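The values are calculated or read from the model by the stated rules, or taken from the named source; none is laboratory data. Keep in mind it's a predicted model, so treat the numbers as computed, not measured. Every residue, glycine as well, gets a Cβ built from its backbone with ideal geometry; the counts of neighbours run over all protein chains shown.
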Amino acid sequence: MSLLTEINTHEWNSSYSTDVSKKAIDAIERGRILYCPELAFQLLPDENEFLSPAFAEPKAKNISFNRNTQLLRCAKCTIEKYDRLKTMLQRFSEQAEELVHRLFPPYVSALQLGRTSFRPVEVAGRISSYRKDDTRLHVDAFPATPNQGRRILRVFANINPEGQARHWRVGEPFSEVAARFLPQVSKQWVGSASLLKWLRLTKSKRTAYDHVMLQIHDGMKADLSYQQTAAQQSIYFAPGSSWIVQTDQVSHAAMSGQHVLEQTFYLPVSAMINPALSPLKMLEKLTGRILT
Ligand code: SIN
Ligand code: FE
């Protein structure tokens with residue numbers, strides 16, 4: 001069965017009927033990927049030069065932009081180019097926001113804007129530790145940025161100029177991932193959350209939810225036999241297409257591809273139409289504990 005629900009649009013600011021919105025929300029909350037095959041992010045002529053890994057710092061996998069502070073991280077370029085790169089990321093961020101606002105009206109008042117990223121480095125053959133290796137199936141969880149149960153909703157756009165698709169593997173549903181990896185999650189040390197915060201190793205408190213999600217993330221990536229044998233499908237996101245996915249719920253791995261833009265949003269579970277489908281509520285049900 002396909003994991004994609006297609007949204008037919010050419011414009012970032014299209015309007016959607018209530019029926020289309022309802023179906024889109026239902027699909028994304030069930031862990032499907034909303035695929036917009038004809039929604040392209042348009043580069044300005046003088047932005048084409050940014051399609052090169054040379055603009056990312058050698059060890060970085062992406063350049064990230066914080067719209068609130070207007071700071072760009074991990075970009076390597078002159079001031080003039082830095083400003084134009086920022087303009088490009090700002091425009092993508094605004095268009096991605098427009099898209100999710102129009103597609104998910106019930107989320108609008110609760111949706112929080114996260115980072116924007118530009119990923120100009122070829123994914124295949126990138127060397128990293130197993131925890132940072134995104135070619136392994138995983139659900140997103142980040143050591144320094146606890147999300148305390150909030151959903152991670154991401155908009156991606158493939159802007160590859162050479163016809164190269166972004167190849168992902170998508171794994172089994174979250175309920176199955178959780179059932180498989182929860183038994184091997186170790187206890188969170190009493191006081192560790194406060195210590196991590198005090199040492200500034202985390203930006204906010206690492207809740208029990210974050211602890212469990214990180215261990216599931218690491219457990220999945222560490223298990224090479226799981227990587228090969230878990231139920232999975234390959235998806236090729238064409239250049240000139242965009243897609244929306246909740247990466248805390250959908251098991252995914254990026255296998256190859258170069259040049260995507262990505263915008264992160266956070267959504268409190270309470271803003272979902274069906275909160276029971278969130279990783280937080282599923283994990284609370286399985287563990288019998290409150291995790292935030
Ligand atoms: C990831 O979130 O694991 C990587 C996705 C991508 O860059 O395509
Ligand atoms: Fe990921």
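Can you confirm whether residue 225 is surrounded by fewer than 19 Cβ atoms within 10 Å (Cβ to Cβ) and modelled with pLDDT under 95?
Numbers: surrounded by fewer than 19 Cβ atoms within 10 Å (Cβ to Cβ): yes; modelled with pLDDT under 95: no.
Against the criterion (surrounded by fewer than 19 Cβ atoms within 10 Å (Cβ to Cβ) and modelled with pLDDT under 95), residue 225 does not qualify.
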Exercise. Residues of the stretch 1-44 being at pLDDT below 95 and more than 17 Å from residue 242 (Cα to Cα), which ones?
Worked result: 1
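Each row is one residue, and each column tells you yes or no for (1) farther than 26 Å from residue 42 by Cβ; (2) touching a Gly at 6+ places or on another chain (Cβ under 6 Å).
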position	(1), (2)
208	yes, no
220	yes, no
228	yes, no
236	no, no
248	yes, no
251	yes, yes
264	no, yes
Problem set entry | Residues of the stretch 263-276 satisfying the condition of being surrounded by 21 or more Cβ atoms within 10 Å (Cβ to Cβ) and either over 27 Å from residue 67 (Cα atoms) or of a type in the set (Phe, Trp, Tyr) (or both) | 265
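How many of the residues making up the stretch 229-286 are assigned to a helix (DSSP H, G or I), within 17 Å of the chain's Cα centre (by Cα) and either away from ligand 2 (no atom under 14 Å from the Cβ) or among the basic types (Lys, Arg) (or both)?
Of the residues in the stretch 229-286, the ones assigned to a helix (DSSP H, G or I) are 229, 269-271, 275-277, 279-286.
Adding the requirement that they be within 17 Å of the chain's Cα centre (by Cα) leaves 269, 279-280.
Still in the running and either away from ligand 2 (no atom under 14 Å from the Cβ) or among the basic types (Lys, Arg) (or both): 269, 280.
The number of residues fulfilling the criteria is 2.
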Exercise. Taking residue 120, is it more than 13 Å from residue 264 (Cα to Cα), surrounded by fewer than 19 Cβ atoms within 10 Å (Cβ to Cβ) and not basic (Lys, Arg)?
Worked result: no
Problem set entry | Where residue 96 falls short, out of the listed (1) within 16 Å of ligand 2 (Cβ to nearest atom); (2) within 16 Å of the chain's Cα centre (by Cα) | (1)
For this session: Check 121, 155, 170, 177 and return the single one that is touching a Gly at 6+ places or on another chain (Cβ under 9 Å) and either of a type outside the set (Phe, Trp, Tyr) or at pLDDT 95 or above (or both).
Result: 177
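Each row is one residue, and each column tells you yes or no for (1) loosely packed, with under 12 Cβ neighbours inside 10 Å; (2) farther than 14 Å from residue 261 by Cβ; (3) aliphatic (A, V, I, L, M); (4) touching a residue at least 12 places away in the same chain (Cβ under 8 Å).
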{"residue": "18", "(1), (2), (3), (4)": "yes, yes, no, no"}
{"residue": "24", "(1), (2), (3), (4)": "no, yes, yes, yes"}
{"residue": "31", "(1), (2), (3), (4)": "no, yes, no, yes"}
{"residue": "43", "(1), (2), (3), (4)": "no, no, yes, yes"}
{"residue": "47", "(1), (2), (3), (4)": "no, no, no, yes"}
{"residue": "50", "(1), (2), (3), (4)": "no, no, no, yes"}
{"residue": "53", "(1), (2), (3), (4)": "no, yes, no, yes"}
{"residue": "56", "(1), (2), (3), (4)": "no, no, yes, yes"}
{"residue": "60", "(1), (2), (3), (4)": "no, yes, yes, yes"}
Seminar exercise, completed: Only one of (1) in contact with a Ser or Thr (Cβ under 7 Å, 6 or more places away or on another chain); (2) away from ligand 2 (no atom under 16 Å from the Cβ) does not apply to residue 62, and that is (2)
Seminar exercise, completed: Note on residue 155: of the conditions (1) aliphatic (A, V, I, L, M); (2) closer than 29 Å to residue 270 by Cβ; (3) surrounded by fewer than 21 Cβ atoms within 10 Å (Cβ to Cβ), unmet is (3)
For this session: Go through the stretch 101-217 and tell me which strands (runs of 3 or more DSSP E), entirely inside it, have 2 or more residues that are more than 15 Å from ligand 1 (Cβ to nearest atom).
Result: 112-119
Exercise. Restricting the search to the stretch 163-193, which residues are without any contact (Cβ under 8 Å) to a residue 60 or more places away in the chain, surrounded by fewer than 16 Cβ atoms within 10 Å (Cβ to Cβ) and on the phi < 0 side of the Ramachandran plot?
Worked result: 176, 183, 184, 186, 187, 189, 190, 192
